[in-house]
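The next block holds one structure in the form of structure tokens; read it before the comments.
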Amino acid sequence: MLARLADGTTRLAIGTHALFQSDIEFQDLGMAVVDEQHRFGVQQRLALSDKGKGVDVLVMTATPIPRTLTLTAYGDMDVSRMTEKPPGRKPVDTRLIGFERYDDMSQSENIIRQDQQVYWVCPLVKESDATDLAAAEARHAALAKVYGQQVGLVHGQMKPAEKDAVMEKFQRGNISILVATTVIEVGVKPSATVMIIEHAERFGSNFINCAVASARGVNQVVYCYITVG
């Protein structure tokens, strides 16, 4: 693959951080597209554009970092805005609720009966004596007592194969409720209609935006319940 990039046989390369590495050479790099640019460092993006001469660079993000905002306002950077939603996309109904109002989220059972899906996001994997923050494992255990095998669990301490298996079940609709940590913001885009984020103050605005965007309904409204403590 590296040889094909270097001699120009391969004209299009799609990759991750590996494309920034010094051993990656392009015969004549003309354009670099960086998706989710806020996830990459400035030097990483410069390293990619420096692999060619006069490289056109397109960076894409829904949550631009301060430096990018400054460049769009005061620097030499052209801006294109995507202001329209895909056809059929309904708005996200976001509500801030107190912990004592979990009974308001009892509609999750109705969602399950309608073969729809729920995201349930927690800030911790395991319970800790040092904090009373919600833990994904404990929340999964509590929900599993009610909904059984319809509840799945995903977090960063799981083996990749285990996470992939759970996410595949969720995407297929075999799991109705996915309890997760921050790992859900990447790679999972089922038609979940309810998103519950516990202790939202523990997450950055970027994560919340990406997580809510992952719970996207077609021809139906998505409900996002946010709790803070």
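Might you let me know whether the range 89-100 holds any residue that is on the phi > 0 side of the Ramachandran plot, part of a loop (DSSP other than H, G, I, E, B) and touching a residue at least 40 places away in the same chain (Cβ under 8 Å)? No, the conditions are met nowhere in the range 89-100.
Evaluation of Thr83 against the conditions (1) part of a loop (DSSP other than H, G, I, E, B); (2) in contact with a Pro (Cβ under 8 Å, 6 or more places away or on another chain); (3) among the β-branched types (Val, Ile, Thr) shows that the sole unmet condition is (2). Among the residues making up the range 137-180, those that are in contact (Cβ under 8 Å) with a residue 60 or more places away in the chain and either in a strand (DSSP E or B) or surrounded by fewer than 21 Cβ atoms within 10 Å (Cβ to Cβ) (or both) are Ile177, Leu178, Ala180. Residues in the range 39-69 that are over 29 Å from Asp23 (Cα atoms) and modelled with pLDDT of 85 or more: none. When the range 24-47 is filtered for residues that are within 30 Å of Val212 (Cα to Cα) and either of a type in the set (Phe, Trp, Tyr) or touching a helix residue (DSSP H, G or I) at 6+ places or on another chain (Cβ under 8 Å) (or both), the ones remaining, listed by number, are Ala32, Val34, Gln37, His38, Phe40, Val42, Gln44, Arg45.
Taken over the range 110-135, the residue count meeting the criterion of being exposed (fewer than 14 other Cβ atoms within 10 Å of the Cβ), modelled with pLDDT under 75 and closer than 23 Å to Tyr147 by Cβ is 4.
The values are calculated or read from the model by the stated rules, or taken from the named source; none is laboratory data. Please read these numbers as outputs of a predicted model, since none were measured by experiment. All Cβ positions, even for glycine, are placed from backbone atoms using ideal geometry, and neighbour counts span all protein chains on display.
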